[in-house]
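Engineer: Sharing a structure with you now.
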Amino acid sequence: MKDLIKKRCDLFAENRYAMGKAFILEYGLIKVAASSAFTQNGREVDAEYVKECQKILQKEENYFSYFRGFNEVIVSSKMAVSGQPEKYLEDAVAVYDKLKEGKLMGSIYRAVAAMVICDSKRVGNADVIVDRTSQIMKGMKEKHPFLTTDEDTCFAVLLAMSDKNVDDILTELEDSYQILKKKFIFHDNDVYSLAQVITALGGSSEEKCEKALNLYDAFKAAGAPYGKNYELSMLGCLVDLDVDQEQLIQDVVEAEVYLRSQKGLGVLDMSKETRLMYASMITAAIYNEEKNPASSAIGNTIAVTIAQEVTFMLIVVMCSSIASISSN
């Protein structure tokens with residue numbers, strides 16, 4: 001494992017520990033996702049500052065806001081990372097309101113999507129991005145009415161921020177989905193998310209899909225099968241890396257093993273598949289920073305977005321399971 005990857009893993013573990021001490025009652029995965037916002041920016045968690053940001057959030061947004069609840073610590077962390085918490089929140093809420101126009105219900109995923117635009121420093125282009133997002137979501141729903149839900153809003157925003165026109169995006173997305181789903185039977189929703197991430201990247205859909213499938217097979221051959229569920233979309237962050245595949249797989253697998261030994265990131269805290277996802281996030285960030293600094297911010301935004309989405313989905317599944325057990 002590259003020394004820089006190990007150092008970033010150490011930072012991730014330290015940030016997770018700091019968040020754990022500061023927010024004892026929060027779900028473990030929420031604290032991990034919040035930690036990733038700092039880690040991907042190479043920053044140490046300032047827990048007291050995050051708490052100050054949380055107070056600002058609680059003052060400005062009511063209890064039922066989609067920037068509160070499960071999202072609260074993550075939003076507070078992003079406010080802290082921005083260095084301008086009041087403005088960050090103001091911008092995020094304004095963009096969220098644009099995304100919500102014409103919708104009867106709010107959505108935690110639209111709140112995350114609004115933050116994606118803020119994190120990408122694209123608030124000034126929010127109107128255009130929101131309009132393109134709406135067109136992309138409409139096209140996705142027309143093609144796959146049962147697959148397309150609010151969960152897709154975050155990735156639709158990533159697609160909307162690309163330089164591709166909407167028709168080309170929808171065509172490439174469908175092509176990628178059709179190629180990928182042959183490999184992952186009964187995982188249509190997760191494959192669709194991976195196809196969305198891949199479509200947000202440059203290059204031909206065939207080459208990107210082939211690389212994604214090769215990476216998946218390589219992880220399996222290395223004795224570290226990549227998750228086929230929510231974690232699958234993070235595989236897309238590795239597709240854009242121009243590095244030796246064998247070395248890349250080795251670095252990710254070794255990073256996962258190393259993270260497993262860290263408090264708050266071990267076998268009792270998350271599944272191996274989820275930890276492998278975070279190892280991929282860290283490894284991709286280091287390679288991007290080394291070889292393509294100009295695009296590292298975009299790659300980090302995509303990775304953190306995926307991490308947040310996965311966190312919310314896992315918590316929803318966990319809460320549903322608990323509710324089911326309680327009702328029996």
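The values are calculated or read from the model by the stated rules, or taken from the named source; none is laboratory data. Everything numeric in this text was worked out from a predicted model, so none of it was measured. Quick reminder, even Gly has a Cβ in these numbers, built from the backbone with ideal geometry, and neighbours come from all protein chains shown.
Engineer: Testing Val257 on (1) assigned to a loop (DSSP other than H, G, I, E, B); (2) surrounded by fewer than 17 Cβ atoms within 10 Å (Cβ to Cβ); (3) at pLDDT 95 or above, one condition comes back false. Which one is that?
Structural biologist: Here Val257 meets the rest and fails (1).
Engineer: Take the stretch 267-293 and flag every residue that is of a type in the set (Asp, Glu) and part of a helix (DSSP H, G or I).
Structural biologist: First, pick out the residues of the stretch 267-293 that are of a type in the set (Asp, Glu): 269, 273, 289-290.
Selection gives Glu273, Glu289, Glu290.
Engineer: List pairs: first residue in the stretch 238-250 and within 18 Å of Gly203 (Cα to Cα), second residue among the charged types (D, E, K, R) anywhere in the structure, Cβ distance under 7 angstrom, at least six positions apart or on different chains.
Structural biologist: So the pair list comes out as Val239/Lys208; Val239/Lys211; Asp242/Lys291.
Engineer: Go through (1) closer than 28 Å to Val267 by Cα; (2) surrounded by fewer than 24 Cβ atoms within 10 Å (Cβ to Cβ); (3) modelled with pLDDT of 95 or more for Leu29 and report which single condition fails.
Structural biologist: Answer for Leu29: the failing condition is (3).
Engineer: So Gly20 ticks every box in (1) assigned to a helix (DSSP H, G or I); (2) within 23 Å of Ala285 (Cα to Cα); (3) touching a residue at least 60 places away in the same chain (Cβ under 8 Å); (4) of a type outside the set (A, V, I, L, M, F, W, C) but one. Which box is left unticked?
Structural biologist: Answer for Gly20: the failing condition is (2).
Engineer: From Glu72, Glu26, Glu14, grab the single residue that is over 19 Å from Ile282 (Cα atoms), in a helix (DSSP H, G or I) and of a type in the set (D, E, K, R). So that I can check it myself, show each step before the final result.
Structural biologist: Details: Glu26 fails: in a helix (DSSP H, G or I); Glu14 fails: over 19 Å from Ile282 (Cα atoms).
Among Glu72, Glu26, Glu14, only Glu72 is over 19 Å from Ile282 (Cα atoms), in a helix (DSSP H, G or I) and of a type in the set (D, E, K, R).
Engineer: Consider Asp127 carefully, then state whether it is surrounded by fewer than 18 Cβ atoms within 10 Å (Cβ to Cβ) and closer than 23 Å to Tyr63 by Cβ.
Structural biologist: Numbers: surrounded by fewer than 18 Cβ atoms within 10 Å (Cβ to Cβ): yes; closer than 23 Å to Tyr63 by Cβ: no.
So Asp127 does not fit the description; no.
Engineer: Could you check the stretch 91-112 and list, in sequence order, the residues that are in contact (Cβ under 8 Å) with a residue 12 or more places away in the chain, in a helix (DSSP H, G or I) and more than 22 Å from Gly42 (Cα to Cα)?
Structural biologist: Asp91, Ala92, Val93, Ala94, Val95, Tyr96, Lys98, Leu99, Ile108, Tyr109, Arg110, Ala111 - these are the residues of the stretch 91-112 that are in contact (Cβ under 8 Å) with a residue 12 or more places away in the chain, in a helix (DSSP H, G or I) and more than 22 Å from Gly42 (Cα to Cα).
Engineer: Could you check Lys220 against (1) in contact with a Phe, Trp or Tyr (Cβ under 9 Å, 6 or more places away or on another chain); (2) among the basic types (Lys, Arg); (3) surrounded by 13 or more Cβ atoms within 10 Å (Cβ to Cβ) and say which number it fails?
Structural biologist: (3)
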